[in-house]
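Engineer: Submitted below is the structure of interest, expressed as structure tokens.
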Amino acid sequence: MHPGIHAASHPDKPAYVMAATDGGEDIVVSYRELDDDSNRLARMLRDRGLQPGDSIAFLMENRHELLKIAWAAQRSGLYYTAISTRLTADEAGYILDDCGARAFFTTPAQATAGPLREIVPNLQHWFAVGGDMTGYEPYADAVAGHPAEPLPSETEGADMLYSSGTTGRPKGVKSPLTGAALGADVRISAVAKVLYGFDEDAIYLSPAPLYHAAPLRFTMGVHRLGATAIVMDHFDPRLTLELIERHRVTHAQFVPTMFVRMLKMPEEERAAYDVSSLRAAIHAAAPCPIPVKEQMIEWWGPVLHEYYAGTEGNGFCAIDAATWLEHKGSVGRPLTAVIHVVDDDGNEVPTGEQGTIYFESDVKFEYHNDPEKTAAGRHPNGWTTLGDIGYVDADGFLYLTDRKANMIISGGVNIYPQETENLLTMHPAVMDVAVFGVPDDDFGEQVKAVVQPVDPAAAGPELEAELIAWCRERLAAFKCPRSIDFAAELPRHPTGKLYKRLLRDPYWEGRATRI
């Protein structure tokens with residue numbers, strides 16, 4: 001299935017709605033418009049010489065053109081790379097050069113796009129979407145006059161997305177193209193149908209940036225099914241609840257920090273919105289603190305579904321609300337792979353013991369232009385890892401402890417900060433928190449927390465003492481922060497991932513760091 005099929009059967013049905021903020025108006029894109037405009041762009045790119053296997057890239061906020069660009073690449077056998085709008089020009093330029101894009105799309109809102117022509121001088125085609133930009137060809141002019149008919153031979157393209165780059169340069173995951181005819185790729189839509197009950201009548205809410213893997217892939221999967229997506233330009237807790245009520249949203253996708261933001265709203269405000277239309281609220285990207293998920297299930301009912309997977313596609317675990325209540329904290333059982341948990345020497349550990357999580361599956365991904373990182377993610381037995389730490393219980397359910405790169409070693413003791421972060425998140429004065437290791441002359445590292453308080457005026461020694469004491473009442477002392485600093489906002493990716501290195505690095509300046 002693909003948008004062209006639905007454009008023929010119900011052309012005026014909304015393929016997606018770009019939800020308005022700040023008093024603006026919604027932009028509704030029908031299946032006819034999505035099909036026509038993506039065909040015109042596919043034709044234009046083919047006329048510019050791009051052939052199946054070539055690459056394009058885009059650096060854009062959530063605009064209605066973004067999905068048309070992605071579908072133009074998908075239907076013409078191209079790779080397409082979505083670049084985060086939060087990157088610097090040098091970081092974006094690195095990805096743009098590394099992915100080998102021949103065409104690039106951006107908007108006047110992206111200030112980092114200006115220097116890219118100098119950073120990536122060999123890229124051939126530069127397009128400005130939604131306004132004029134020096135050195136860029138207007139997107140509207142470039143596609144005007146091209147026919148809306150499909151290319152004579154449409155084949156499936158693929159996304160080539162990059163890791164978040166929380167510990168160094170991001171790396172692209174590039175899968176071989178199959179050469180299959182457009183409509184053959186049913187992976188995401190099949191998962192959506194079987195696990196979450198998506199169908200052509202679904203209304204799917206996507207509150208996150210479309211440059212991230214899950215929102216982009218799920219939204220395009222919705223289009224394969226002929227359903228409707230509601231796309232927000234950024235997450236806002238009140239607007240999220242308003243959109244669920246207004247559009248009678250049936251399916252939505254979140255990260256745990258979004259749950260926390262909604263739960264921090266006054267209870268009377270939360271109760272004012274009707275969320276009874278929800279059939280599945282899907283979450284991933286980071287482990288969800290148990291109390292947060294308990295409160296969400298109490299509020300929304302047993303509609304929460306969690307999964308654990310990565311852009312690499314090497315494994316997929318899933319769990320529904322009813323099963324989670326019997327295995328609290330689990331991310332589910334593996335559906336597409338066999339899990340192996342191993343120690344630092346590569347040996348499998350007994351059930352219930354922590355170690356690095358590896359997947360045994362047919363997927364053997366590679367990081368583009370980085371054989372060393374590819375090799376580092378391989379076990380001698382051929383299994384692959386995303387770098388997470390966890391354990392499997394006697395029933396085969398996986399639990400995530402933390403990422404190996406985040407581990408604190410204090411006095412020879414391994415400390416995984418996720419447990420401490422989950423606890424501090426539940427304090428009513430805490431909006432967001434990061435826990436990591438900082439230098440300690442006696443123990444090598446000590447536990448540090450940086451907290452974004454709900455009330456910025458509350459930041460100070462009294463709140464620091466209160467939070468440390470609160471933590472020590474509930475956790476072993478060695479897991480608790482020795483000190484707490486405060487920040488107006490933490491450097492968190494809109495998809496929920498935290499750029500800890502931006503917080504941690506200043507504490508290690510002039511010191512040798514183990515990471």
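The values are calculated or read from the model by the stated rules, or taken from the named source; none is laboratory data. In this text, all values refer to a predicted model and were calculated from it rather than measured experimentally. Cβ sites come from the backbone with ideal geometry, for glycine too, and all protein chains shown count toward neighbours. When the accessible area is computed, the model is the full protein with side chains, heavy atoms only, and any ligands, DNA or RNA have been set aside. Shrake-Rupley method; radii C 1.70, N 1.55, O 1.52, S 1.80 Å.
Engineer: Mind checking which residues of the stretch 345-375 are farther than 25 Å from Asp395 by Cα and either in contact with a Phe, Trp or Tyr (Cβ under 9 Å, 6 or more places away or on another chain) or in a helix (DSSP H, G or I) (or both)?
Structural biologist: His368, Pro371, Glu372, Lys373, Thr374, Ala375
Engineer: Is it the case that Pro170 is modelled with pLDDT under 95 and touching a Phe, Trp or Tyr at 6+ places or on another chain (Cβ under 6 Å)?
Structural biologist: When the stated conditions are applied, Pro170 passes them.
Engineer: Would you say Leu177 is within 30 Å of Asp370 (Cα to Cα), of a type in the set (A, V, I, L, M), surrounded by fewer than 19 Cβ atoms within 10 Å (Cβ to Cβ) and touching a residue at least 60 places away in the same chain (Cβ under 8 Å)?
Structural biologist: Judged against the criteria, Leu177 is a match.
Engineer: Same structure again: Tell me, which residue of the stretch 122-157 that is of a type in the set (Gly, Ala, Ser) and surrounded by 19 or more Cβ atoms within 10 Å (Cβ to Cβ) is farthest from Pro3 (Cα to Cα)?
Structural biologist: The qualifying residue farthest from Pro3 (Cα to Cα) is Ala128.
Engineer: Being among the acidic types (Asp, Glu), in contact with a His (Cβ under 9 Å, 6 or more places away or on another chain) and farther than 30 Å from Leu490 by Cα is the filter here, so list the residues in the stretch 38-88 that pass it.
Structural biologist: Asp47
Engineer: For the stretch 91-98, check the following and say yes or no: at least one residue is open to solvent by less than 20 Å² (accessible area, probe 1.4 Å) and among the hydroxyl-bearing types (Ser, Thr, Tyr).
Structural biologist: Checked against the condition, which is being open to solvent by less than 20 Å² (accessible area, probe 1.4 Å) and among the hydroxyl-bearing types (Ser, Thr, Tyr), the stretch 91-98 yields no hits at all.
Engineer: Right, something else. Which one is most open to solvent (accessible area, probe 1.4 Å) among residues in the stretch 315-329 that are in contact with a helix residue (DSSP H, G or I) (Cβ under 9 Å, 6 or more places away or on another chain) and not in a loop (DSSP other than H, G, I, E, B)?
Structural biologist: Per the criteria, the residue is Leu325.
Engineer: Please go through the stretch 376-406 and give me each residue that is open to solvent by less than 30 Å² (accessible area, probe 1.4 Å), closer than 18 Å to Gly346 by Cβ and part of a loop (DSSP other than H, G, I, E, B), ordered by number.
Structural biologist: Across the stretch 376-406, the qualifying residues are Gly377, His379, Gly382, Trp383.
Engineer: Tell me yes or no: at least one residue of the stretch 181-196 is touching a residue at least 40 places away in the same chain (Cβ under 8 Å), out of contact with any Leu (no Cβ under 9 Å at 6 or more places or on another chain) and under 20 Å from Phe104 (Cα atoms).
Structural biologist: For the stretch 181-196, residues touching a residue at least 40 places away in the same chain (Cβ under 8 Å), out of contact with any Leu (no Cβ under 9 Å at 6 or more places or on another chain) and under 20 Å from Phe104 (Cα atoms): absent.
Engineer: Would you check if His212 is crowded, with 21+ Cβ neighbours inside 10 Å and touching a residue at least 12 places away in the same chain (Cβ under 8 Å)?
Structural biologist: yes
Engineer: Give the residues of the stretch 61-90 that are crowded, with 24+ Cβ neighbours inside 10 Å and farther than 19 Å from Gly4 by Cα, sorted by residue number.
Structural biologist: Result: Tyr79, Tyr80, Thr81, Ala82, Ile83.
Engineer: Go through the stretch 360-370 and count every residue that is modelled with pLDDT of 90 or more and under 18 Å from Ser163 (Cα atoms).
Structural biologist: 0
Engineer: Go through the stretch 428-451 and give me each residue that's over 15 Å from Leu463 (Cβ atoms) and open to solvent by 30 Å² or more (accessible area, probe 1.4 Å).
Structural biologist: Asp441, Asp442, Phe443, Gly444, Gln446
Engineer: Is the stretch 340-357 home to any residue that is under 25 Å from Val173 (Cβ atoms), within 21 Å of the chain's Cα centre (by Cα) and open to solvent by less than 30 Å² (accessible area, probe 1.4 Å)?
Structural biologist: yes
Engineer: Show the residue pairs meeting these rules: Cβ distance below 6 Å; 6+ apart or different chains; first residue within the stretch 334-345 and of a type in the set (Gly, Ala, Ser); second residue not in a loop (DSSP other than H, G, I, E, B).
Structural biologist: Every condition considered, the pairs that remain are Ala337/Phe359; Ala337/Glu360.
Engineer: May I ask you to list pairs of residues, at least six apart or on different chains, whose Cβ atoms are under 9 Å apart, with the first in the stretch 476-493 being over 16 Å from Leu423 (Cβ atoms) and the second being hydroxyl-bearing (Ser, Thr, Tyr)?
Structural biologist: Leu490/Tyr499; Pro491/Tyr499; Arg492/Thr257; Arg492/Tyr499; His493/Ser84; His493/Ser164; His493/Thr166; His493/Tyr499
Engineer: Something else about it: Which numbered condition trips up Ala281, out of (1) of a type in the set (Gly, Ala, Ser); (2) assigned to a loop (DSSP other than H, G, I, E, B); (3) open to solvent by less than 20 Å² (accessible area, probe 1.4 Å)?
Structural biologist: (2)
Engineer: Look through the stretch 237-247, keep the residues that are open to solvent by less than 10 Å² (accessible area, probe 1.4 Å) and free of Cβ contacts under 8 Å to residues at least 40 places away in the same chain, and return whichever of them is nearest to the chain's Cα centre (by Cα).
Structural biologist: If we take residues in the stretch 237-247 being open to solvent by less than 10 Å² (accessible area, probe 1.4 Å) and free of Cβ contacts under 8 Å to residues at least 40 places away in the same chain, then Thr240 is nearest to the chain's Cα centre (by Cα).
Engineer: Further question on the same structure: Can you confirm whether Asp199 is in contact with an Asp or Glu (Cβ under 6 Å, 6 or more places away or on another chain) and either in a loop (DSSP other than H, G, I, E, B) or open to solvent by 60 Å² or more (accessible area, probe 1.4 Å) (or both)?
Structural biologist: When the stated conditions are applied, Asp199 does not pass them.
Engineer: Only one of these is out of contact with any Leu (no Cβ under 8 Å at 6 or more places or on another chain), of a type outside the set (Val, Ile, Thr), open to solvent by 10 Å² or more (accessible area, probe 1.4 Å) and touching a residue at least 40 places away in the same chain (Cβ under 8 Å): Ser30, Ser9. Name it.
Structural biologist: Ser9
Results for (1) assigned to a loop (DSSP other than H, G, I, E, B); (2) under 22 Å from Val191 (Cβ atoms); (3) open to solvent by 50 Å² or more (accessible area, probe 1.4 Å); (4) at pLDDT below 95, shown as yes or no for each residue.
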{"site": "Ile230", "(1), (2), (3), (4)": "no, yes, no, no"}
{"site": "Phe235", "(1), (2), (3), (4)": "yes, no, no, yes"}
{"site": "Arg261", "(1), (2), (3), (4)": "no, no, yes, yes"}
{"site": "Met265", "(1), (2), (3), (4)": "yes, no, no, yes"}
{"site": "Ala286", "(1), (2), (3), (4)": "yes, yes, no, yes"}
{"site": "Val292", "(1), (2), (3), (4)": "no, no, no, yes"}
{"site": "Glu298", "(1), (2), (3), (4)": "no, no, yes, no"}
{"site": "Gly313", "(1), (2), (3), (4)": "yes, yes, no, yes"}
{"site": "Val331", "(1), (2), (3), (4)": "no, yes, no, yes"}
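Engineer: Which ones in the stretch 185-196 are open to solvent by less than 60 Å² (accessible area, probe 1.4 Å) and in a loop (DSSP other than H, G, I, E, B)?
Structural biologist: Asp185
Engineer: I want to confirm something. Restricting to the stretch 466-515 and keeping residues that are of a type in the set (Gly, Ala, Ser), modelled with pLDDT of 80 or more and under 26 Å from Met258 (Cβ atoms), which single residue is most open to solvent (accessible area, probe 1.4 Å)?
Structural biologist: Ala488
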